[in-house]
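**Student:** Supplied in C-alpha cells, the structure appears directly below.
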Amino acid sequence: DARVTQTPRHKVTEMGQEVTMRCQPILGHNTVFWYRQTMMQGLELLAYFRNRAPLDDSGMPKDRFSAEMPDATLATLKIQPSEPRDSAVYFCASGWNKGQAGNTIYFGEGSWLTVV
Amino acid sequence: KQEVTQIPAALSVPEGENLVLNCSFTDSAIYNLQWFRQDPGKGLTSLLLIQSSQREQTSGRLNASLDKSSGRSTLYIAASQPGDSATYLCAVHHSGGYQKVTFGTGTKLQVIP
C-alpha cells in the first residue's frame, strides 16, 4: 500500500531550536509539496518540487525556512530558528505531473509541530 | 490569484440524509478539481478527482460535479452515515503545466446517529 511517509509525527521544541521534518514520497512520483495547516490560515503551500527541482517556494518565509530534495526518495523542510508562530501541522504530499495535466496528489499524515 | 471558497463552513445533518457540499473558485482556467476528506488529527485522503474535461465523477455514495464556466463544484453524499463525519476540502489544480494546487477552507460535516 503506497503512501507518503512523514517524520516526526509530533515534535515539541523550544523557540530558537532547529527543526527538520522529513518526507518520503510515494515511489515513482515526481512532484512533492510541502503545506502548512493552521486553524486561521487553512492549508498554505510552502514549497513545490518537480523532478527534485524547486519550482515554487514563494509561500515560504525565506529567512528561516528551507526545503530540499537530496534525492528522489527524500524531501526535507527545515526551520531555523523556530518561533512559536511556526506551530502548525506540516504536510507533505506527492503526485505525478506530466507537465500538462495534474493528477491526484497524496498526502502524508503530517508532522505536528509545537514551538514553546 | 485563485481563490477557493467552501460554504457552509460547518454542517450538521441526521443520519440517512442526502447532502451537498459546495465549492466555488474565481479563476475558471483550471486543470482538475479534487475533493479530499480530513479526519481529526489525520492527513488528507483523496476522494475524487475531476479532470477539466469531465463534468462529474462517482465513487460509491459520493458524486462530484464540476462546472468550470461558473466556477463551481459540488460534492453529493447519499444516505449519509456517522462515519462520514469529517472535514471536506476541495482543491483546484491550476492550469499551465505546473501542478500548483489551491485549497478551500473546508466544510466540517457532522452526521448525527
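**Student:** Taking the stretch A:35-68, which residues are within 11 Å of another protein chain (Cβ to nearest Cβ) and of a type in the set (F, W, Y)?
**Tutor:** A:Y35, A:Y48, A:F49
**Student:** Looking at the stretch A:69-95, which of the residues that are over 16 Å from A:L46 (Cα atoms) and not in a strand (DSSP E or B) is nearest to the other protein chains (Cβ to nearest Cβ)?
**Tutor:** Here the answer is A:A72.
**Student:** Turning to a different aspect of this structure: Among the residues of the stretch B:72-105, write down those that are at pLDDT below 95 and either closer than 20 Å to B:G41 by Cα or small (G, A, S) (or both).
**Tutor:** Matches in the stretch B:72-105: B:A91, B:S95, B:G96, B:G97, B:F103, B:G104, B:T105.
**Student:** Further question on the same structure: Here are the criteria: (1) of a type in the set (A, V, I, L, M); (2) under 13 Å from the mean Cα position of the chain (by Cα); (3) farther than 28 Å from B:G106 by Cβ. Tell me which single one A:V32 does not satisfy.
**Tutor:** (3)
**Student:** Any idea which of B:V92, B:V101 is more than 11 Å from the chain's Cα centre (by Cα), surrounded by 20 or more Cβ atoms within 10 Å (Cβ to Cβ) and within 14 Å of another protein chain (Cβ to nearest Cβ)?
**Tutor:** Testing whether each residue is more than 11 Å from the chain's Cα centre (by Cα), surrounded by 20 or more Cβ atoms within 10 Å (Cβ to Cβ) and within 14 Å of another protein chain (Cβ to nearest Cβ) leaves just B:V101.
**Student:** Could you check, for the stretch B:43-64, whether at least one of its residues is within 24 Å of A:M39 (Cβ to Cβ), part of a loop (DSSP other than H, G, I, E, B) and within 11 Å of chain A (Cβ to nearest Cβ)? Before you say what the answer is, go through the steps one by one.
**Tutor:** Here is the first cut: in the stretch B:43-64, the residues within 24 Å of A:M39 (Cβ to Cβ) are B:43-47.
Now drop any that are not part of a loop (DSSP other than H, G, I, E, B), which leaves B:43.
If we keep only those that are within 11 Å of chain A (Cβ to nearest Cβ) too, we end up with B:43.
Checking the stretch B:43-64: at least one residue is within 24 Å of A:M39 (Cβ to Cβ), part of a loop (DSSP other than H, G, I, E, B) and within 11 Å of chain A (Cβ to nearest Cβ).
**Student:** While we're here: If I go through the stretch A:1-19 residue by residue, how many of them are among the small types (G, A, S) and within 14 Å of chain B (Cβ to nearest Cβ)?
**Tutor:** Total meeting the criteria: 1.
**Student:** Examine the stretch A:70-77 for a residue that is farther than 18 Å from B:G41 by Cα, surrounded by fewer than 18 Cβ atoms within 10 Å (Cβ to Cβ), over 12 Å from the mean Cα position of the chain (by Cα) and aliphatic (A, V, I, L, M), and state whether such a residue exists.
**Tutor:** The answer is yes, given that some residue of the stretch A:70-77 is farther than 18 Å from B:G41 by Cα, surrounded by fewer than 18 Cβ atoms within 10 Å (Cβ to Cβ), over 12 Å from the mean Cα position of the chain (by Cα) and aliphatic (A, V, I, L, M).
**Student:** Just need a number here: residues in the stretch B:73-89 that are under 12 Å from B:W35 (Cα atoms), more than 14 Å from chain A (Cβ to nearest Cβ) and either part of a loop (DSSP other than H, G, I, E, B) or of a type in the set (F, W, Y) (or both).
**Tutor:** Residues that pass the stated criteria total 1.
**Student:** Related question: Residue under question is B:S80, and the condition is that it be among the hydroxyl-bearing types (S, T, Y) and touching a residue at least 40 places away in the same chain (Cβ under 8 Å); does it hold?
**Tutor:** Numbers: among the hydroxyl-bearing types (S, T, Y): yes; touching a residue at least 40 places away in the same chain (Cβ under 8 Å): yes.
Judged against the criteria, B:S80 is a match.
The values are calculated or read from the model by the stated rules, or taken from the named source; none is laboratory data. Please read these numbers as outputs of a predicted model, since none were measured by experiment. For neighbour counting, all protein chains shown are included, and Cβ atoms are generated from backbone atoms with ideal geometry for every residue, glycine included.
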